[in-house]
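Here is the structure we will look at, set down as structure tokens.
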Amino acid sequence: LRYGIPRGETPVASLAGAGSLSIEFGVLSALTGDGSFSAKASAASRALYERRSPQNLFGKHINVRSGKWVESLSGVGSNSDSFYEYLLKSY
């Protein structure tokens, strides 16, 4: 996390993965007493929200370097449904 994406690793992340980080970083903040982890996860969720489609939908995969959707299809199936579940749980 300190140095970003390791060499050779893909910069493409799933929407569900982003949602799980909101929970995990929230717990990390609670356990350490350092709110910066939760703040970063919230900022990432806001960044995704700002990149929603004109229909207010999220894609399934995003390039974290460019901020562009790699797969802009939306739905409640795999790679998407967990995002909404995790956001609700972290609220």
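The values are calculated or read from the model by the stated rules, or taken from the named source; none is laboratory data. Computed from a prediction, not measured in an experiment: that's the story for all the values here. Backbone-built Cβ (ideal geometry, glycine too); neighbour counts: all protein chains shown. Heads up: the accessible areas ignore ligands, DNA and RNA and are worked out on the full protein's heavy atoms, side chains in. Shrake-Rupley method; radii C 1.70, N 1.55, O 1.52, S 1.80 Å.
Residue-wise test of (1) more than 19 Å from Arg2 (Cα to Cα); (2) under 9 Å from the mean Cα position of the chain (by Cα).
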site: Gly19; (1), (2): yes, yes
site: Gly26; (1), (2): no, no
site: Gly33; (1), (2): no, no
site: Phe37; (1), (2): no, no
site: Leu48; (1), (2): yes, yes
site: Arg52; (1), (2): yes, no
site: Phe58; (1), (2): yes, no
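Give the number of residues within segment 32-71 that are assigned to a loop (DSSP other than H, G, I, E, B) and either among the hydrophobic types (A, V, I, L, M, F, W, C) or open to solvent by 90 Å² or more (accessible area, probe 1.4 Å) (or both).
Narrowing segment 32-71 to residues assigned to a loop (DSSP other than H, G, I, E, B): 33-35, 51-60, 64-68.
Narrowing the set further to residues that are either among the hydrophobic types (A, V, I, L, M, F, W, C) or open to solvent by 90 Å² or more (accessible area, probe 1.4 Å) (or both) leaves 51, 54-58, 64-65, 68.
Looking only at that region, the number is 9.
Does Leu88 qualify as being surrounded by fewer than 12 Cβ atoms within 10 Å (Cβ to Cβ), in a helix (DSSP H, G or I) and not basic (Lys, Arg)?
On the way: surrounded by fewer than 12 Cβ atoms within 10 Å (Cβ to Cβ): yes; in a helix (DSSP H, G or I): yes; not basic (Lys, Arg): yes.
Here the answer is yes, as Leu88 does meet what is asked.
For first residues located in segment 49-60 and at negative phi, partners that are not in a loop (DSSP other than H, G, I, E, B) and lie 6+ apart or on another chain with Cβ distances below 6 Å form the pairs Phe58/Leu15; Gly59/Trp69; Gly59/Glu71; Lys60/Leu15; Lys60/Glu71.
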